[in-house]
Amino acid sequence: MTGYGADTTTGEVLEGLDLTGRHFMITGASSGLGEESARSLSQAGATVTILARNLEKLEAAKERIQGSVPSADLRIGIVDLADLGSIRVYAESFLAKGVAIDVLINNAGIMACPFMKTTDGFEMQFGTNHIGHFLLTNLLMPAIKAGENPRIINLSSAGHTHSDVNLDDPNFDTTEYSAWESYGRSKSANIHFTRELVRRYGKQIQSFAVHPGVILTDLGRHLTPELMEEMTERVKARSTSSAEAKKTGGLPFKSMEAGAATQVWAATTNDLRPNNGAYLGDCQVGIEGGNPSENGYLSYIYNEDTAKALWALSEKLVKQEFPTN
Ligand SMILES: NC(=O)c1ccc[n+]([C@@H]2O[C@H](COP(=O)([O-])OP(=O)(O)OC[C@H]3O[C@@H](n4cnc5c(N)ncnc54)[C@H](OP(=O)(O)O)[C@@H]3O)[C@@H](O)[C@H]2O)c1
């Protein structure tokens with residue numbers, strides 16, 4: 001649709017765009033794809049609020065971005081997505097400023113960690129990757145609705161293919177814990193959340209779910225040789241893997257600039273209006289049944305009933321309802 005592909009970079013996506021006056025907010029911006037998104041958007045003139053849970057790491061990321069883009073207009077905020085209290089405190093203080101958000105990029109994530117729980121007792125990957133962003137987004141909705149051409153970008157992953165959400169046992173209370181299944185559930189949740197946002201707010205707000213590709217970042221900090229082996233076997237067994245991946249189980253790695261390109265594209269292009277709610281990969285609209293390492297997705301992530309039920313469950317878990325108005 002665009003001539004873009006796996007190698008397209010943030011610089012190419014933003015070429016010629018002047019984002020002066022537009023306000024982007026990015027979670028998990030203290031490293032990796034969040035930091036590169038903030039850097040590239042700053043380079044194009046945007047005001048960027050970078051969020052993370054660790055002030056020291058966030059300050060270091062801010063310095064790196066300013067080193068690369070001296071004119072960067074950066075604001076910082078501390079939010080721990082594994083703590084509903086922290087999210088509420090941040091959202092309240094942000095809303096009190098009366099500042100609009102044109103684009104929220106829900107980028108923070110944790111992958112394949114050992115079984116752990118958030119402050120509020122949710123399984124860590126579901127709690128951080130989905131529930132934390134669900135609450136943050138809904139609390140910030142007045143600021144997003146006040147934005148110009150507003151949108152919400154949710155980082156998902158080809159990892160959605162590991163599993164759909166489990167609405168009966170979201171926190172692995174009765175199911176045996178599997179680090180990959182948990183990641184898959186949480187990354188499927190990111191897509192269902194995107195779909196339900198569009199069903200509810202699609203006239204005013206655009207929302208997209210993004211698979212960035214495979215990029216070497218701190219996301220792999222919990223990977224063990226066993227978890228790597230499990231992933232390799234899955235990639236080999238996938239009918240939609242490339243011939244090379246079927247043989248080796250290897251995944252195509254991208255540079256940081258190519259990895260962040262799809263989320264930055266989703267956050268800035270006007271070409272995707274007819275595809276509101278789509279899953280994206282390699283700077284392309286997703287293809288059902290395609291290669292998940294590229295832009296392929298499994299059909300269960302577009303199930304409207306699941307999306308509605310996940311929203312209802314999420315409201316129950318955060319003990320707050322967010323009626324559409
Ligand atoms: N890299 C890939 O190959 C790949 C592939 C598919 C999808 N993704 C998705 O891309 C997104 C960005 O990942 P990345 O690769 O850039 O990884 P990363 O470098 O590890 O960045 C993740 C960010 O999320 C933050 N974070 C984690 N837990 C948090 C919490 N409880 N509260 C607030 N922030 C938290 C991290 O902060 P701390 O450092 O303090 O933990 C970090 O800033 C994730 O959603 C991931 O699932 C990445």
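The values are calculated or read from the model by the stated rules, or taken from the named source; none is laboratory data. Please read these numbers as outputs of a predicted model, since none were measured by experiment. Cβ placement follows ideal geometry from the backbone for every residue including glycine, while neighbour counts extend to all protein chains displayed.
Name the pairs: first residue in segment 85-109 and at positive phi and within 13 Å of the ligand (Cβ to nearest atom), second residue modelled with pLDDT under 95 and among the basic types (Lys, Arg), Cβ to Cβ under 9 Å, at least 6 apart or on different chains?
none
So, of the residues in segment 119-158 that are without any contact (Cβ under 8 Å) to a residue 60 or more places away in the chain and among the β-branched types (Val, Ile, Thr), which turns out to be nearest to the ligand (Cβ to nearest atom)?
Thr128
What pairs come out if I take residues in segment 210-225 that are over 16 Å from Ser293 (Cβ atoms) and touching a residue at least 60 places away in the same chain (Cβ under 8 Å) and pair them with residues that are more than 7 Å from the ligand (Cβ to nearest atom) and not aliphatic (A, V, I, L, M) whose C-beta lies under 6 Å away, six or more apart or interchain?
Close Cβ pairs (under 6 Å, with a partner that is more than 7 Å from the ligand (Cβ to nearest atom) and not aliphatic (A, V, I, L, M)) amount to His222/Cys113.
Quick check on segment 71-80. Is at least one of its residues of a type in the set (S, T, N, Q) and either more than 9 Å from the ligand (Cβ to nearest atom) or without any contact (Cβ under 8 Å) to a residue 60 or more places away in the chain (or both)?
Within segment 71-80, one or more residues are of a type in the set (S, T, N, Q) and either more than 9 Å from the ligand (Cβ to nearest atom) or without any contact (Cβ under 8 Å) to a residue 60 or more places away in the chain (or both).
Assess whether Gln284 counts as being over 17 Å from Glu36 (Cβ atoms), within 16 Å of the ligand (Cβ to nearest atom) and either crowded, with 18+ Cβ neighbours inside 10 Å or not polar (S, T, N, Q) (or both). Talk me through it step by step, then tell me what you get.
On the way: over 17 Å from Glu36 (Cβ atoms): yes; within 16 Å of the ligand (Cβ to nearest atom): yes; either crowded, with 18+ Cβ neighbours inside 10 Å or not polar (S, T, N, Q) (or both): yes.
Spelling it out, Gln284 is indeed over 17 Å from Glu36 (Cβ atoms), within 16 Å of the ligand (Cβ to nearest atom) and either crowded, with 18+ Cβ neighbours inside 10 Å or not polar (S, T, N, Q) (or both).
Residue under question is Gly202, and the condition is that it be under 30 Å from Ala100 (Cα atoms), surrounded by fewer than 19 Cβ atoms within 10 Å (Cβ to Cβ) and in contact (Cβ under 8 Å) with a residue 60 or more places away in the chain; does it hold?
Details: under 30 Å from Ala100 (Cα atoms): yes; surrounded by fewer than 19 Cβ atoms within 10 Å (Cβ to Cβ): yes; in contact (Cβ under 8 Å) with a residue 60 or more places away in the chain: yes.
For Gly202, the condition - under 30 Å from Ala100 (Cα atoms), surrounded by fewer than 19 Cβ atoms within 10 Å (Cβ to Cβ) and in contact (Cβ under 8 Å) with a residue 60 or more places away in the chain - is met.
Against the conditions (1) more than 12 Å from the ligand (Cβ to nearest atom); (2) touching a strand residue (DSSP E or B) at 6+ places or on another chain (Cβ under 9 Å), where does Met116 fall short? Just the number, please.
(1)
Please give the number of the condition Ile105 fails out of (1) under 30 Å from Leu227 (Cα atoms); (2) in a loop (DSSP other than H, G, I, E, B); (3) β-branched (Val, Ile, Thr).
(2)
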